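The values are calculated or read from the model by the stated rules, or taken from the named source; none is laboratory data. Just so you know, these numbers come straight off a predicted model, no measurement behind them. Glycine also receives a Cβ, built like all others from the backbone with ideal geometry; neighbour counts cover every protein chain displayed.
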Amino acid sequence: MRHLKQMMLFVMVGSLLTITSCSKSDDGGGGGSAASGTLTANVGGASFQSMEISSKATLANAGGISNLIIIASNSDGNAFAITISGYTGEGTYDITGASIGGVVGSYTETNVNLSNPTASTTEIWQAPYDDTKVGTISVSEETATNVIGTFSFKCKNVNGDGSVKNITDGSFNLSKQTI
């Protein structure tokens, strides 16, 4: 559990440090199909569903800029981290590296070696990874206690083998905290 907490902190800090660009339309799209408290997605053909206990949306204000941070993990040690810096509410935000701004997404896989924990590995796929638009995040509903939306993006293992994962059918229905 300690390793999972450290990994989630690493993903969140990494996402915040790699802020790239953001554009927003007023259409937040449909709400998706995730059950309350979870994030679901198709990761390169494999289903992902987070656990409610390890999934949360946080709305944070830093220096007058609102940031929506979504962290969600499952029992296999896999996790999503999505950050919208410059968040202004319901709408669709592009993930693109074309300019400085603030929408990033990442997917992490942690393989724990139980017989030798120091030999455990973590791979992180990041978006954006170049100057093109690689996806979108849509927030369709935000209340005082909840955030609902959808997402899809392509992400690249920039520090590993260079592989690209296609994230499709992403959906979240998360409790929200404001700090």
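Tabulated values for the structure
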read-out	value
Candidates Ala60, Ala72, filtered to the one that is assigned to a strand (DSSP E or B), of a type outside the set (Asp, Glu), in contact with a helix residue (DSSP H, G or I) (Cβ under 9 Å, 6 or more places away or on another chain) and under 20 Å from Ile179 (Cβ atoms)	Ala72
Residue check, Ile82 in contact with a Phe, Trp or Tyr (Cβ under 7 Å, 6 or more places away or on another chain) and either among the aromatic types (Phe, Trp, Tyr) or under 21 Å from Leu39 (Cα atoms) (or both)	yes
Residues of the stretch 96-149 that turn out to be among the aromatic types (Phe, Trp, Tyr) and either in a strand (DSSP E or B) or farther than 25 Å from Gly162 by Cβ (or both), as a count	2
The one condition in (1) at pLDDT 95 or above; (2) closer than 19 Å to Ile65 by Cβ; (3) buried (at least 22 other Cβ atoms within 10 Å of the Cβ) that Gly91 fails to fulfil	(3)
Residue tally, condition buried (at least 21 other Cβ atoms within 10 Å of the Cβ) and not β-branched (Val, Ile, Thr), over the stretch 130-153	5
Residue identified as of a type outside the set (Lys, Arg) and farther than 19 Å from Asp169 by Cα among Ser140, Ser73, Ser106, Ser85	Ser85
Test set (1) surrounded by 22 or more Cβ atoms within 10 Å (Cβ to Cβ); (2) free of Cβ contacts under 8 Å to residues at least 60 places away in the same chain; (3) of a type in the set (S, T, N, Q) - Ser85 fails condition number	(2)
Pair list, Cβ < 9 Å and 6+ apart or interchain, from the stretch 153-179 residues that are farther than 21 Å from Thr121 by Cα and small (Gly, Ala, Ser) to residues that are modelled with pLDDT of 95 or more and surrounded by fewer than 14 Cβ atoms within 10 Å (Cβ to Cβ)	Ser175/Thr145
Checking Thr145 against (1) over 23 Å from Ile53 (Cα atoms); (2) out of contact with any helix residue (DSSP H, G or I) (no Cβ under 6 Å at 6 or more places or on another chain), the condition it does not meet	(1)
